[in-house]
Amino acid sequence: MKALQIVKYGELKQSLAFNEVSKPTAQVNEVLIAVKAAAINPIDKSIILGNLQALLPIPLPSTSAYDVSGVVVEKGSNVSNFEIGDLVYSRVPQEQMGTLADFVAVTSEAVSKKPGNISFEEAAGLPLAALTALQSLEYANIKANDKVLIHAGSGGVGSFAIQYAKAKGAYVYTTTSTSNVDWVKKLGADRVIDYKTEDYKNIVKNADIVFDTLGKHYSAESFEVVKKGGIVVSVVGALDEESAKMFGIPDYKLPEEIANASKEKNATYKFIFMHPNGAHLNDIKSLIEDDKIKPIVDKIYPFPDAIQAFEHLATGRAKGKIVIKIS
Amino acid sequence: MKDLINKIKSSIDLTSEAEEFIYSISEEKKFSKGEVLIREGQAVKKTFFVTNGCLRSFCVDKNGKEHTLLFAIKNWWISDYIAVHTDELATLTVECLTESSVIEFNAKELDGIHARFPEFESYQRHNLERHVVSLHKRILNQLQLSAPERYDLFLQQYPDIEQHTRNFHIASYLGITQQSLSRIRVEKVKK
């Protein structure tokens, strides 16, 4: 079968190549998915560039990407929740990375039936970003009437998080640049802050939850707008001590500015590492089918143009997901 | 099962032998929400009479989107009749939208019942005629009525269905987007 593989670390064009690889088969707990569409995410680009070698060591060559939608064509003997012919979507676990191929074998626990009211391409764009947003906001125990600040509302995670927070009945602040203000409003955000003309720190006060999708100085700064006893959840900022332990870094200390800022507000800082989860994807399926959340696709590329899709991803200008149609 | 037998008895004189035969080719079954009775791509041998609950038949287009052909509630029949009558593989999927009770029939034996019991000939023809009428109405409505008119007719046909279905099931039956369906509902409330 055809697969787009990472053959070395470095520049996108030189590091990616289409290879003929052997078709996988479903192990006892797996389903084999005939891939209809795959989506790419910033992490895929970081892996190719070699930025994550220490954290996520992968053997080269490896097939790229985690997000997928398709049809179950084979299932292992222990799989009871799927049948051949089911239309599914998944964010595949790390060890099964490689959705830019004709087939991918995935542990059934990471798979869900796909929402029936959207296309394969739309479904492929959901899992990673949607799981990241859902797991972050659920960790923060989001509930109706919470005041929530979501940094970077037009990003893949941010645009989903706005819709998820609204579906939960929260009041949503979000930041974006001037050209995206109207677009982000349409996603349901209550107060869109144009960071080119406004300072969010003057507008947001006493937020119950800040969702940090930017990292850098934004993580510590977020405590200026969170309420006493509130929570800042981050998916790109510094690790917290508990997560560091999980990654096998025992003597890790939270950066001082974050530690001080969180202490001052008696607020929590938590780094969220998205984990694949079929049950969560099933919750997302319901929200999509009830029209509470809309998938957002920036552009769909045919499989032979997948390298161009990565170059588009690298510009950082995509509004919504970049999807590759496989078959 | 009694309901169905009574329904048949109201149209024809059912001999005890024929009644016995009906029992022999059928089986009462319960299914939970989400269970699939007929799956696209598989051979179809069964047809179902609904005694309780709500089911739907739908197809999936090449983009992966679902289109609902039919909802079946109490006293309706449901199957993939294209597959049953042509011996092709199923193009439709039939799933339970709620916990449902059905009487499952071997479709071929049910179809051939009039060969053994001629009294069924007129009964089956009558059912088939009603089925053709309802299909033609569905096609004509789709061609000539506006979306709000189609929604009104749909509610007359399936009065309690909105408790059992998701918006997208109804939208995909009417051939409109969920957003259009929401707009139509808002307009109805205003009236």
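The values are calculated or read from the model by the stated rules, or taken from the named source; none is laboratory data. If you're wondering where the values come from, they're calculated on a predicted model, not measured in any experiment. Glycine also receives a Cβ, built like all others from the backbone with ideal geometry; neighbour counts cover every protein chain displayed. These area figures cover heavy atoms from the full protein model, side chains too; ligands, DNA and RNA do not enter into them. Shrake-Rupley method; radii C 1.70, N 1.55, O 1.52, S 1.80 Å.
Which residue, of B:Lys30, B:Lys7, B:Lys2, is open to solvent by 40 Å² or more (accessible area, probe 1.4 Å), away from chain A (no Cβ under 14 Å) and without any contact (Cβ under 8 Å) to a residue 40 or more places away in the chain? On inspection, the qualifying residue turns out to be B:Lys2.
For region A:49-62, the criterion of being touching a helix residue (DSSP H, G or I) at 6+ places or on another chain (Cβ under 8 Å), crowded, with 24+ Cβ neighbours inside 10 Å and more than 13 Å from chain B (Cβ to nearest Cβ) is met by no residue. Checked against the criterion of being in a loop (DSSP other than H, G, I, E, B), in the same structural domain as A:Ala54 (by TED's automatic domain parsing) and open to solvent by less than 80 Å² (accessible area, probe 1.4 Å), region A:244-258 has no qualifying residue. Residue pairs whose Cβ atoms lie under 9 Å apart, separated by 6 or more positions or on different chains, with the first residue in region A:282-309 and closer than 16 Å to A:Ala161 by Cα and the second at pLDDT below 95 and part of a strand (DSSP E or B), are A:Pro295/A:Lys321; A:Ile296/A:Lys321; A:Val297/A:Lys321. Do the conditions hold for A:Glu74, that is, is it open to solvent by 20 Å² or more (accessible area, probe 1.4 Å), over 21 Å from A:Ile40 (Cα atoms), touching a Ser or Thr at 6+ places or on another chain (Cβ under 8 Å) and acidic (Asp, Glu)? So A:Glu74 fits the description; yes.
Selection of region A:110-155 for residues being in a strand (DSSP E or B), surrounded by fewer than 24 Cβ atoms within 10 Å (Cβ to Cβ) and away from chain B (no Cβ under 14 Å) yields only A:Lys147.
A:Lys166 meets all of the listed conditions (1) in a loop (DSSP other than H, G, I, E, B); (2) open to solvent by 30 Å² or more (accessible area, probe 1.4 Å); (3) touching a Lys or Arg at 6+ places or on another chain (Cβ under 9 Å) but one, namely (1).
Confirm whether A:Glu122 is in the same structural domain as A:Ala220 (by TED's automatic domain parsing) and under 16 Å from the mean Cα position of the chain (by Cα). When the stated conditions are applied, A:Glu122 does not pass them.
Per-residue answers, yes or no, for (1) under 18 Å from B:Ser134 (Cα atoms); (2) touching a residue at least 60 places away in the same chain (Cβ under 8 Å); (3) crowded, with 20+ Cβ neighbours inside 10 Å:
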residue: B:Lys62; (1), (2), (3): no, no, no
residue: B:Trp77; (1), (2), (3): yes, no, no
residue: B:Asp87; (1), (2), (3): no, no, no
residue: B:Thr91; (1), (2), (3): no, no, no
residue: B:Lys108; (1), (2), (3): no, yes, no
residue: B:Asp111; (1), (2), (3): no, no, no
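Within region B:35-61, the set of residues being at the interface with another protein chain (Cβ under 9 Å from one of its Cβ atoms) and in a loop (DSSP other than H, G, I, E, B) comprises B:Arg39, B:Glu40, B:Gly41, B:Gln42, B:Asp61.
Only one of the listed residues (B:Gln179, B:Gln144) is within 14 Å of chain A (Cβ to nearest Cβ), more than 11 Å from B:Thr68 (Cβ to Cβ) and more than 18 Å from the chain's Cα centre (by Cα). That residue is B:Gln179.
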